[in-house]
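**Q** What follows is a single structure, and I will ask about it in a moment.
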Amino acid sequence: MWVWQVVSFIQLNAFLSARVLDIATLTLLLVTLDCNYFNVPAAVRFHNQEFSDVRCWSTPHILHVAVSGVSIVMFVVMATCQVVSEMELNPLTRNYMAIAHTRVEGLGFAIKVVVTIASVTIAYSTKWLSLVNLFFFALLFYLSVKWVPYIYSALNYVRCASYTTVLYCSLLLVVLAFGPPPSKEEHLEFRKQVTWAMWAGMAPAAVAGALACHFRLRHFNTHVLSRFRDADPSASSKSIYRFSDAREVEIAARCCRRWVDEDTLEPEAVALSEAIIKAGMLQLPQDPQMIVLYSSFLIDVQGSYQSGYTQLQTAKKQSPGLLERFAIFSREQEHTQKASGANNGGGDSAVDLVSYVEWSASKWYSEADRLDEEAEHAKEALQLGGMETLLPQGVSAERGLAEMEGVAFICINAQSIIQVASPEAHSMLGYSKNELKGKDVGIIMPAPFGDRHSAYVRNYIQTGNAAVLDRTTEMVVITKTRQVVPVKLRVSKVSGLNEDSVFLGVLEAVAPSPDEARAWVLGNGAIVAADDRFCDWLGYEGSELAGTPLEPLLVEPDAVNE
């Protein structure tokens, strides 16, 4: 327990030093380097400002200077790492201090370091110091307004207001340094007027800065969103709005942060955000930050975990920068935790939500394993939802599972891998319990359909064009012993998006007529499969007929061709 208390204390100390008291910490470390470099009499030049009898570049004080220099470098590096590592990848975070893209914060911290060092090294050259402050604080204000990095708007308003206030004071310092009247009396009066102008203008300057930030956000929340909301579906993304940076896409995509209640997002807001992010992907397909943003949207907003982590692998191939690599690493660590159920929280009483979810899932799966085969598969099928509407021959919801006898169910994922198969499916196809699970569904289809099935599914996921979804068709399936079973098939998509799609196939065996034999033939005349009666009548094995032309078997081939 005490170990985690020590770790928590170190983390708190690091946060206070690097984020809250960063300028104070840096100023303290710069005390040994405050050595009257410019615009001072020769007698006090290179003497320490706080200890006037100490020469900075002579022993033993030079040892303190060396230690201070090393400490400053270490502090700046560690503080910068902490600042840029606080990026929030979840677009739906409730953290009020969340920052979507920390590159701006990293640059802002670097600017504050430069200004702090300048305030020590050129403090006696007011003209140079005023120009340095004016330039860097103007740059800091520009970056904050342009990229509005905080997810919550109020934090951006506060940040822009504070930077505008400092910028206004820097501007008055320039006026004070370059514009005093020549006489001493007028000089004192001028300084007094500038001081009053500073006090009177700080509040209006803060309001002006907050308004600048507000109008920047309003540009995205009103202008950009309205263009996407009212856009023609056939219009190209660049004709709607041209994005130049993935951060612009992120700002516009914040529109998804609208809740119907505490846990439910507005569907219209999510759809609009999806359209914006997809437009960003079309315009910036090679930008690793854009790909990471799309991955976060898939994972956290749409719940498409497989698709999201697939996008992360794509981002790895686009030469990501340091921040993008860190974002990818963070997501992969999260994925590893979900997969392993490892509890990486601190303390005996700490509870990791990811581990709890995995523990709960494991508990219920263990309970399900104790059920018999029929009950297990029935419950798994019912969890897919809407089962009664998928039954063939119009089975009503009131009749329920009583009409499921003899009807087989097979559930596959977007990779055509069987996830669930009912006991009826195993019985129909001649497989033992759970033997179908984890296999490619193509093994129960005749060639060439079995070999092409994965391509059919990929085409549907990429284009949305379906050939057999939500309608009943007559097909044939191949048993484990390579026999042919004619079935009525109905395929429906039951859940998921993109790579997380789940499809359910409902199969009902079709009883053949006693005086009828069947063979299934492609358009080019090649036999795909034939039932047992067809093979018996002609004296062939089923494997001998598959792929052979139909015409040599016919007495009157012309009648078939017609």
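The values are calculated or read from the model by the stated rules, or taken from the named source; none is laboratory data. Predicted model, so just to flag it, every value in this text is computed and none were measured. Cβ placement follows ideal geometry from the backbone for every residue including glycine, while neighbour counts extend to all protein chains displayed.
**Q** Residues 293, 282, 225, 298: which one is in contact (Cβ under 8 Å) with a residue 24 or more places away in the chain, in a helix (DSSP H, G or I), farther than 30 Å from residue 166 by Cα and touching a Cys at 6+ places or on another chain (Cβ under 6 Å)? Before you say what the answer is, go through the steps one by one.
**A** Working: 293 fails: touching a Cys at 6+ places or on another chain (Cβ under 6 Å); 282 fails: touching a Cys at 6+ places or on another chain (Cβ under 6 Å); 298 fails: touching a Cys at 6+ places or on another chain (Cβ under 6 Å).
Unique residue meeting the criteria: 225.
**Q** Is at least one residue of the range 457-472 part of a strand (DSSP E or B) and either touching a residue at least 40 places away in the same chain (Cβ under 8 Å) or over 26 Å from residue 307 (Cβ atoms) (or both)? First the steps, then the outcome.
**A** Of the residues in the range 457-472, the ones part of a strand (DSSP E or B) are 469, 472.
This time we only want the ones that are either touching a residue at least 40 places away in the same chain (Cβ under 8 Å) or over 26 Å from residue 307 (Cβ atoms) (or both), so: 472.
Yes - at least one qualifying residue is present in the range 457-472.
**Q** Mind listing whichever residues of the range 174-190 are surrounded by 13 or more Cβ atoms within 10 Å (Cβ to Cβ) and within 56 Å of the chain's Cα centre (by Cα)?
**A** 174, 175, 176, 177, 180, 190
**Q** Within the range 468-500, which residues are at pLDDT 80 or above, within 18 Å of residue 451 (Cα to Cα), touching a helix residue (DSSP H, G or I) at 6+ places or on another chain (Cβ under 8 Å) and surrounded by 18 or more Cβ atoms within 10 Å (Cβ to Cβ)?
**A** 477, 478
**Q** Go through the range 7-24 and give me each residue that's touching a helix residue (DSSP H, G or I) at 6+ places or on another chain (Cβ under 7 Å) and over 16 Å from residue 108 (Cβ atoms).
**A** 14, 17
**Q** Please work out which one of (1) within 40 Å of the chain's Cα centre (by Cα); (2) buried (at least 16 other Cβ atoms within 10 Å of the Cβ) is the condition residue 142 fails and give its number.
**A** Only one criterion in (1) within 40 Å of the chain's Cα centre (by Cα); (2) buried (at least 16 other Cβ atoms within 10 Å of the Cβ) is unmet by residue 142, namely (2).
**Q** Among the residues of the range 55-79, write down those that are of a type in the set (A, V, I, L, M) and closer than 18 Å to residue 16 by Cβ.
**A** Looking only at the range 55-79, we keep the residues that are of a type in the set (A, V, I, L, M), and these are 62-63, 65-67, 70, 72-74, 76-79.
Result: 72, 74, 76, 77, 78, 79.
**Q** Would you confirm whether or not the range 38-57 contains a residue that is modelled with pLDDT of 80 or more, buried (at least 17 other Cβ atoms within 10 Å of the Cβ), of a type in the set (D, E, K, R) and under 21 Å from residue 71 (Cα atoms)?
**A** No, there is no match, as no residue in the range 38-57 is modelled with pLDDT of 80 or more, buried (at least 17 other Cβ atoms within 10 Å of the Cβ), of a type in the set (D, E, K, R) and under 21 Å from residue 71 (Cα atoms).
**Q** Residue 273 is checked against (1) of a type in the set (S, T, N, Q); (2) in contact with a Cys (Cβ under 8 Å, 6 or more places away or on another chain); (3) over 24 Å from residue 500 (Cα atoms) and fails just one. What number does that condition carry?
**A** Among (1) of a type in the set (S, T, N, Q); (2) in contact with a Cys (Cβ under 8 Å, 6 or more places away or on another chain); (3) over 24 Å from residue 500 (Cα atoms), the lone unmet condition for residue 273 is (3).
**Q** Say we look at the range 80-94 and pick out the residues that are assigned to a loop (DSSP other than H, G, I, E, B) and either of a type in the set (Phe, Trp, Tyr) or out of contact with any Cys (no Cβ under 7 Å at 6 or more places or on another chain) (or both); which of these is surrounded by the fewest Cβ atoms within 10 Å (Cβ to Cβ)? I'd like the intermediate steps shown before the answer.
**A** Filtering the range 80-94 for residues assigned to a loop (DSSP other than H, G, I, E, B) gives 85-86, 88-94.
Applying the additional criterion that residues be either of a type in the set (Phe, Trp, Tyr) or out of contact with any Cys (no Cβ under 7 Å at 6 or more places or on another chain) (or both) yields 85-86, 88-90, 92-94.
Values: 85: 13, 86: 15, 88: 18, 89: 18, 90: 16, 92: 15, 93: 16, 94: 10.
The selected residue is 94.
**Q** Could you please give the count of residues in the range 253-279 that are under 18 Å from residue 236 (Cβ atoms) and out of contact with any Ser or Thr (no Cβ under 8 Å at 6 or more places or on another chain)?
**A** As a first pass, look at the range 253-279 and keep what is under 18 Å from residue 236 (Cβ atoms): 272, 274-279.
With the extra rule that they be out of contact with any Ser or Thr (no Cβ under 8 Å at 6 or more places or on another chain), the set shrinks to 272, 274-277.
Going through the range 253-279 one residue at a time, the tally reaches 5.
**Q** With within 23 Å of residue 203 (Cα to Cα), crowded, with 20+ Cβ neighbours inside 10 Å, aliphatic (A, V, I, L, M) and in contact (Cβ under 8 Å) with a residue 24 or more places away in the chain as the only criterion, which of 148, 158 stands out?
**A** 148
**Q** Only one of these is farther than 30 Å from residue 134 by Cβ, among the aliphatic types (A, V, I, L, M) and outside any helix (DSSP H, G or I): 231, 275. Name it.
**A** Details: 275 fails: outside any helix (DSSP H, G or I).
Answer to the check: 231.
**Q** Looking at residue 13, is it outside the structural domain of residue 305 (by TED's automatic domain parsing), touching a His at 6+ places or on another chain (Cβ under 8 Å) and free of Cβ contacts under 8 Å to residues at least 40 places away in the same chain?
**A** Numbers: outside the structural domain of residue 305 (by TED's automatic domain parsing): yes; touching a His at 6+ places or on another chain (Cβ under 8 Å): no; free of Cβ contacts under 8 Å to residues at least 40 places away in the same chain: yes.
In short, no.
**Q** Out of all the residues in the range 101-155, which are within 27 Å of residue 88 (Cβ to Cβ) and not in a helix (DSSP H, G or I)?
**A** 101, 102, 148, 149, 150, 151, 152
Per-residue answers, yes or no, for (1) in a loop (DSSP other than H, G, I, E, B); (2) of a type in the set (Val, Ile, Thr); (3) out of contact with any strand residue (DSSP E or B) (no Cβ under 6 Å at 6 or more places or on another chain):
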residue	(1), (2), (3)
477	no, yes, no
480	yes, no, yes
490	no, no, no
512	yes, no, yes
517	yes, no, yes
